[in-house]
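First up is the structure itself, then whatever we jot down about it.
Readers should treat all values here as calculations from the given coordinates under stated rules, not as data from a laboratory. Here the structure is a predicted model, which is why all the values come from computation and not from measurement. Here Cβ is always computed from backbone atoms with ideal geometry, including for glycine, and neighbour counts include all displayed protein chains.
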Amino acid sequence: MPLDKATVARIAALARIKVPEAELAALAGELSKILTWVEQLDAVDVAGVEPMAAVTHARPPLREDKVTDGGIRDKILANAPETTDGFFVVPKVVE
Amino acid sequence: MSNLIKGHTGEWEVVIGLEVHAQVISKAKLFSGAATDFGAEPNTQVSTVDAAFPGMLPVLNRFCVEQAVKTGLGLDAQVNLHSVFDRKNYFYPDLPAGYQISQFSRPIVGKGKIVLDMPDGSAREIGITRLHLEQDAGKSLHDQHPSKTYVDLNRAGVALMEIVSEPDLRSAEEAGAYLRKLRAILRYLGTCDANMEEGNLRCDCNVSVRKPGGKLGTRCEIKNVNSIRFVMQAIEYEARRQIELIEEGGTVVQETRLFDSGKGVTRSMRSKEESHDYRYFPDPDLLPVTLDPAWLAKLKAELPELPDVKKARFMCDYGLSGSQASALVAEKETADAFEELQSKVSKAVSIPATATANTVINVVSFIAGERGVSPAQFISTNDVPGALILQQKNVISGRMLKEVLEGIADSKKSAEAFVAEKSLKQVTDTGAIETAIDAMLAKEPDKVADYRAGKEKLLAYFVGQVMKATQGKANPALVNELLKKKLAG
Amino acid sequence: MNLTGLTIGQARDQLRRKAITARELAEAYIKAMETARPLKAYLIETPDRAFAAAKQSDARLQKGGGLPLDGVPIAVKDLFCTEGVETAAASKILAGFVPPYESTVTANLWRNGALMLGKVNLDEFAMGSATITSARGPTENPWRRRGDNRPLVPGGSSGGSAAAVAARAALAATGTDTGGSIRQPASFCGIVGLKPTYGRCSRWGIVAFASSLDQAGPMTRDVRDAAIMLQAMAGHDPKDATSAPLPVPNFEAAVGQSIKGLRIGIPKEYRLDGMPTEIEALWQRGIEWVKAAGATTVDISLKMTKYALATYYIIAPAEASSNLARYDGVRFGLRVPGETLEALYENTRGQGFGAEVRRRVLIGTYVLSAGYYDAYYLKAQKVRALIARDFDDAFKSCDAMLTPTAPSAAFAIGEKMDDPIAMYLNDVFTVPVNLAGLPGISLPAGLSADGLPLGLQVIGKAFDEETVLRVAAVLEDSAKFDAVPAFVAGAA
């Protein structure tokens, strides 16, 4: 399935990745090639097959309802590019 | 009573569906061990899992599953033994992973129902489409700085139950009744505090209008309305907005709106909303949830008695009316307090349950409300049984009851002690009452004459005067009887 | 004594005999790490940590005790979060990230007495099979083609790990394998690389690429070392819901056991058209070796093999596109400013991700998007179920399988660059194993015509790493692979 530049631009926006206009055509070409290649799967008959739900063959227990974490604000904020008064900071979002 | 709204071109039907996000009562979050308490300092209840640090993984909290299943059972719903967590992918600063773990195609609970108690005594069944578990997002604060948004992830990862109703509601009143009933069920089960003011119950309203019998209109979603009153106002406003729009020749655009409670209007959200492509897929970090049927059966057997069943039992076993029973079961604590009260008092004196019910509903609720406590709290901290027993034994009159209840609340004394101290005992001594009557009648010769001439309404006045003279302590029935005798000559 | 020439098994012996100290071993490797700098395998060197751990090891060894990995100097793929040490997954977008936590697998290693030499290079976010997509530049394979000076790729994505071990600049290394990223570089660098069963090792603290495929594993000099390493790395982790709640068997005990009576499956679909004859020949030699050791070989069919790569290149990018959404400039790593929040996201991710990562995130986003989910992602998950079923069926008639590891020897840095798909084909023999969640090992079994190592792969049943190690050890014994790379940092 060949992708056109507009579709690539739309996907890039969905993925929040800025792609310079000059690169769109080449990128569209690469992605089209890959998608065409994976479309080999069209030939496979999967009638009645359930998608693979879980890879692991064993079942671990669930977690107990206990507070075992948190209270580590310094660690949580330590790598952040910008913080104020214990908050993460980003450009203002208009709602 | 018709729910239809009158427009210029005829009558309109409003179609409403509600999506409620209920915060699950649990100590820790849905997929991490951080705490869920309300009001903590920013980012102090955040684990590296909640903050979506590299290499972090979710692990499901078994108790949150139990809470969701209990809620499903309380909604008379189908519990799915096999369900799956899906990732809902979108970007927002309070969604650190860039996806929310939710349930899309295989939710933990399927179809159910809620029965509404309408004011006219009728019952309306509203369908539940599904209930699923999902993570709550953090909080974005847009008003702390002119050009920046502050992000607090304390709430990120708290367990939510999303409860979706069928579009069966037909009026703002029904929507209010639905929310009140849902709240009661959640509180009975202990699965959610259901306090909209605290934000642990949030409601999105889907509203559309159509001519009766016509096909469904385009709906608008009003997001995050945070009180029952506002839900009702928002629905009213939105229904009329849509009707006016259509009648003026316009078309309703499917969109997300916000309710401005200050102005009482809904308005369109300004964000450029191309419809979200959430790219749902099963979360590969989590295994499918498989419930053990034996465990489910045990859970079902251990469910507390729910409002509808309790109401029916109150009506059957206690002989209460529908509205009395409804009033008592609205809060589980009130219903329990009523039963305990009735049981305690009946051990000392025979008392019809309807009388106890009325006392709780009309007198106790009022007094408790004035003091800022719940009826159940009032009953548990004051000698209410004592007061009722005194009343049933005719030691105090019915009219005295309210004064006695207020008095024991203020003085923290037992009913007996308070009544003795204030000498509130009902006067039943015929001699004493006759003395009071004679004294009063002597002062009112003209009125006595009028009465004897035919103005029978004056009896009530005379009774009132005698009650005044005896500081309300005289037994009103006796006063009545003796007065009549005396006046008859 | 040639300290860097010892295997873990041998070093363990010498340490307990007190013929050498942990300090001496650490010194030798730290020196080797420096010498190996031209390979650009190490991104960060942590000699202080290594010495501090060596000191503790020596204290224990002196008292006559000793933990299983005391004194063992290890290189850690920079995909494992190491507390207090920068972990960037070879990406600009995570540059400067210092984790406040240690991955479970590396914590297990340190708790067993091992010491960290440093963090080694990889393909960015583990996406690649040559370690050329690293934002820090490529790592060189210590092997060279006979009579050819061109630097070669070490394979990927665990290329830094493989190069370090091959060059004797680390005694062992951790790797991760999503589509072959341990086994293929092991093959290209002439060392042993083991990918355990999915769920055998915890994924907690490993920067996630494709959640249903990623597995950590050891990269070592020989099969015994791989068993010793896996023993320490493996185990149930309650912080990873996909981690298997199974006890860890004694893997080392499997090494040296006879394979008499075992049935070794030879999947016919792995015989590709145009497969290089020397690889076919090596495979044939492997078959003879297991027969000579008393095993029987069985022809088996894994019908869906030819669809495995396409299946992988739908599922892996899809999961990656979601796993990498957290790299947004808000809480860690690179932030490229923007006027609006959206601009911040787009600038940061646009500049922070390399070309291959960008390709895969976009493919992943596309195959999950509305209208395409059924045709691509859902379909691929169904084909995946068929691939897993193929293995299940085949394992009814055999106990392990033998295949080549890679369709070629190492190629030059700069080759296979024009076409992403040409690069993807490197994983044709390894990818099916990840899709089925099974264990697989690569061991060096021979040399190509121009003197480059070629690997053989043994595949086992789920959680049967013991049989995999057992067969691999026999092959190792038979192959007697003793060639050394052109570049050796320590003494060979």
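Spatial offset of region B:353-379 relative to region C:287-332 amounts to 68 Å, using the alpha carbon center of each. Pairwise alpha-carbon distances in region B:425-489 exceed 18 Å for 25% of all pairs. Restricting the calculation to Cα atoms, region B:1-79 yields a radius of gyration followed by a Dmax of 20.8, 61 Å.
In this structure, A:ASP45 and C:ASN149 have a Cβ-Cβ separation that, at R0 = 60 Å, corresponds to a calculated FRET efficiency of about 0.75. Label-point separation (nm) for C:GLN284 and C:GLN257, each offset 7 Å from Cα along Cα-to-Cβ? Going from the C:GLN284 label point to the C:GLN257 one covers 3.2 nm. Seen from C:ASP390, the other residues with C-beta closer than 10 Å to its C-beta sum to a net charge of -1, counting Lys and Arg as +1 and Asp and Glu as -1.
Taken one residue at a time, the phi angles of region C:192-201 give Karplus couplings (6.51, -1.76, 1.60, θ = phi - 60°) of 9, x, 10, 9, x, 4, 4, x, 6, 10 Hz. Gly and Pro are set to x. For chain B, DSSP calls about 95 percent of its internal beta bridges antiparallel.
The local environment of B:ASN43, defined by Cβ-Cβ distances under 9 Å, has a net charge of -1 under the rule Lys, Arg +1 and Asp, Glu -1. For region C:379-492, what does the alpha-carbon gyration tensor say about shape, rounded, prolate or oblate, given a ≥ b ≥ c as the root eigenvalues, a/c under 1.5 as rounded, and a/b over b/c as prolate? It comes out oblate by the Cα gyration axes. Each residue, B:GLN254 and B:SER411, gets one label point 7 Å from its Cα in the Cβ direction; the gap between the two is 6.8 nm. Along region C:405-415 the Karplus relation, 6.51 cos²θ - 1.76 cosθ + 1.60 evaluated at θ = phi - 60°, assigns HN-Hα couplings of 8, 9, x, 7, 7, 4, 10, 6, 4, x, 7 Hz to successive residues, with x for each Gly and Pro. In order along region C:96-102, the phi-based Karplus estimate (6.51 cos²θ - 1.76 cosθ + 1.60, θ = phi - 60°) of 3J(HN,Hα) comes to x, 6, 10, x, x, 8, 10 Hz; Gly and Pro are listed as x. Put simply, the amide H of C:SER129, placed in the peptide plane, has no neighbours under 5 Å, leaving out anything fewer than 5 places away on its chain. Close Lys pairs in region B:307-421 (alpha-carbon distance under 17 Å; sequence gap of 8 or more, or different chains): 7. Amide H to amide H, with H built 1.01 Å from N, B:ILE128 comes under 5 Å of B:GLY112, B:LYS113, B:ILE114, B:GLU166, counting only residues 5 or more places away or on other chains.
Considering only beta bridges that DSSP places wholly inside chain C, some 65 percent are antiparallel. Taking each DSSP H run with n ≥ 4 as -39500 (n - 2.57) and averaging over every residue of the protein assembly as shown yields -11500 deg cm²/dmol at 222 nm. Residue exposure proxy: B:MET56, B:MET269, ordered by other Cβ atoms within 10 angstrom of their Cβ from fewest to most, comes out as B:MET269, B:MET56. Computed log10 I(q)/I(0) for chain C at 0.06 Å⁻¹: -0.24, from the Debye equation with unit scatterers placed on every C-alpha and solvent omitted. Cβ-Cβ distance of A:ALA26 and A:GLU82, R₀ of 35 Å, FRET efficiency by 1/(1 + (r/R0)^6): the value works out to about 0.55. Going by the alpha-carbon gyration tensor, a ≥ b ≥ c the square roots of its eigenvalues, is chain B rounded (a/c under 1.5) or, if a/c is not under 1.5, prolate (a/b greater than b/c) versus oblate? Verdict is prolate for chain B. On full extension, the segment bounded by C:MET417 and C:ALA483 gains 20.9 nm, given 0.36 nm per residue less the C-alpha separation. Of all beta bridges that DSSP places with both ends in the protein assembly as shown, some 80 percent have antiparallel geometry. Inter-part distance, region A:16-95 to region C:204-272, computed on C-alpha centroids, equals 26 Å. Applying 1/(1 + (r/R0)^6) with r as the Cβ-Cβ distance of B:LYS422 and B:SER380 and R0 = 30 angstrom yields a FRET efficiency of 0.80. Put a dot 7 Å past the Cα of B:LYS300, heading toward its Cβ, do the same for C:LYS18, and the two dots end up 7.1 nm apart.
Panel order for C:ILE30, C:ILE182, by other beta carbons found within 10 Å of each beta carbon, from fewest to most: C:ILE30, C:ILE182.
Sparsely packed loop sites in region B:259-358 (the GluC sites (Glu not before Pro) outside DSSP H, G, I, E and B with at most 16 other Cβ atoms within 10 Å) comprise B:GLU273, B:GLU274, B:GLU302, B:GLU305.
Look at B:ARG155, C:ARG146 and count the other Cβ atoms within 10 Å of each Cβ; fewest to most, that gives C:ARG146, B:ARG155.
Normalising the average separation of contacting C-alpha pairs (under 8 angstrom, six or more residues apart) by the number of residues puts the relative contact order of chain C at 19 percent. Applying the criteria of a DSSP loop state and at most 16 other Cβ atoms within 10 Å to the GluC sites (Glu not before Pro) of region B:48-142 yields no site.
Taking a ≥ b ≥ c as the square roots of the eigenvalues of the Cα gyration tensor, an a/c ratio of 1.5 or more together with a/b no larger than b/c marks chain A as oblate. I'd like the distance separating the alpha-carbon centroids of region B:190-205 and region B:279-321, in whole Å. Region B:190-205 and region B:279-321 have Cα centres spaced 19 Å from each other.
Dimensions of the protein assembly as shown along the principal axes, based on C-alpha atoms and rounded to the nearest Å, stand at 140, 78, 58, largest first.
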